[in-house]
1. Answer with yes or no whether Val155 is surrounded by fewer than 20 Cβ atoms within 10 Å (Cβ to Cβ), touching a strand residue (DSSP E or B) at 6+ places or on another chain (Cβ under 8 Å) and more than 28 Å from Phe54 (Cβ to Cβ).
2. Would you point out the residue of the range 118-146, among those that are touching a strand residue (DSSP E or B) at 6+ places or on another chain (Cβ under 6 Å) and of a type outside the set (Phe, Trp, Tyr), that is surrounded by the most Cβ atoms within 10 Å (Cβ to Cβ)?
3. Answer yes or no: is there a residue in the range 171-179 that is surrounded by fewer than 22 Cβ atoms within 10 Å (Cβ to Cβ), of a type in the set (Val, Ile, Thr), touching a Ser or Thr at 6+ places or on another chain (Cβ under 8 Å) and part of a strand (DSSP E or B).
4. Tally time: how many residues in the range 83-100 are at pLDDT 90 or above and not in a helix (DSSP H, G or I)?
5. Taking the range 299-321, which residues are in contact with a His (Cβ under 8 Å, 6 or more places away or on another chain) and modelled with pLDDT under 95?
6. When only residues in the range 20-39 that are hydrophobic (A, V, I, L, M, F, W, C) and at pLDDT 70 or above count, which is nearest to Ile261 (Cα to Cα)?
7. Given the criterion free of Cβ contacts under 8 Å to residues at least 40 places away in the same chain and either out of contact with any Phe, Trp or Tyr (no Cβ under 9 Å at 6 or more places or on another chain) or under 28 Å from Glu300 (Cα atoms) (or both), identify the matching residue among Arg68, Arg49.
8. Restricting to the range 51-63, name every residue that is assigned to a helix (DSSP H, G or I) and farther than 11 Å from Gly139 by Cα.
Amino acid sequence: MSAAADPAALYFGTMAAALRGLEIFMRDDRSPLYRREMVAKVAAEYIARLEKSFACWRNRLGFMESFRISRAESGFPVFQNVLELENDRRQAEQRLAGIPEADDLRAEMADFILRHKEFPAALQRSMAERLYLEDVKDGVVFGPFILAQTAKVSVNSKTMRPVYLVHWATFDGTANLPLIYMATVEDSSEAMVRQLVDDSGKLNDKVEIPLPVDGLLNPQLAHRFDDFTERNSAYTLSPVTIASNLDKDFETLHPKQLRRIVLGPFYSAGVTEHNSAVADTLSRVRKAEDAWLLTWTLQEVFSKAEVPGRKGLFSSEKATQEFHIETDDLEAARQGVSSYEKHALIPHEAYQALYAAGEADRIFSGYKVHILSKGHVISDV
């Protein structure tokens, strides 16, 4: 059966091409996202996790027939698949112990074919399950929630506080969308200021920090921060709500900027069905493997000012952030952000089809378009 005739093969093939193209875009130092420090680098790490997840899901079809995607909404797998993949990863060692080694299975399959003159379907499923579990066990996949890491540490010379760039990710179970978060947070904890800031207001070079560090760099707050991010990463929460909650919940953490990358929706001709104009035009693309479109949104909210804290005899108030919301832009106000960018990645042939159909301007209105052609990504078209 050809990939075009097999919806599963078509879906996995187009998604693999889209994620590969997105990773090329993120890792290109000419990418506009490189103007934003660390954004592209961090995003590429999570895209690699997604690529690994899709490779595992594709292998899983060798012994499990069920795989559902959000065809009419995000175009990504439904959350149940993410949960099952994580569960398989945790149980891989135990399950592998009950499946014969790969060489033994191959010998059994050869013997079965010689004796029965037919294909050993049951043995083939066992082989597929073994290869899948070995891949899942060793692979870094995109789970339901990926704990925070501290990727960079610096010092704000004005406030004399350490500054952490922290990132984490989640696969939203309601919207069926991968979400990547990055936060720039100042820490006024006395112990961390004393340890990390030298007398000249710079990062103390005598303290060795083996970046990236799992969790928030502040060990006293790391577990609380993990709990916070797990509770406050839903797609239904706006970036300003998440940043405000972080500001409110931690007396000595001061969020200066929060970014969220929402990956999706994803469109694949003959598989997804959530935009008729896109679907109709993509269906005319000559090669089915080139008939896809991946979109993503970069959201950002930043603090425009800090209201100083107040310490009194009977009560005290912590320093709080005033976050900027671009009220002149109705869409920015609706999203709860200071700014946002909408991006679209599409193969060259598919873009030509949309352009020829007179649909390109309408479909890509408000988007920064990136065209994948021969292993390169062309932006600003």
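1. No; evaluated as a whole, the condition is false for this residue.
2. Across the range 118-146, the extreme among qualifying residues is Ile146.
3. Looking for residues that are surrounded by fewer than 22 Cβ atoms within 10 Å (Cβ to Cβ), of a type in the set (Val, Ile, Thr), touching a Ser or Thr at 6+ places or on another chain (Cβ under 8 Å) and part of a strand (DSSP E or B), one finds none in the range 171-179, hence no.
4. Quick first cut of the range 83-100, residues at pLDDT 90 or above only: 83-99.
Checking the rest, the ones that are also not in a helix (DSSP H, G or I) come to 97-99.
Number satisfying all stated conditions: 3.
5. Listed by number, the residues that qualify are Glu306, Ala319.
6. Taking the range 20-39 first, the residues hydrophobic (A, V, I, L, M, F, W, C) are 22, 24-26, 33, 38-39.
Going one step further and asking which of them are at pLDDT 70 or above, we end up with 22, 24-26, 38-39.
On the way: Leu22: 13, Ile24: 17, Phe25: 14, Met26: 12, Met38: 13, Val39: 9 Å.
Here the residue is Val39.
7. Arg68
8. Phe54, Trp57, Arg58, Asn59, Arg60 - these are the residues of the range 51-63 that are assigned to a helix (DSSP H, G or I) and farther than 11 Å from Gly139 by Cα.
The values are calculated or read from the model by the stated rules, or taken from the named source; none is laboratory data. As the structure is a computational prediction, the values presented were derived from the model and not from experiment. As a convention, Cβ positions derive from the backbone with ideal geometry for all residues, glycine included, and neighbour counts pool all protein chains shown.
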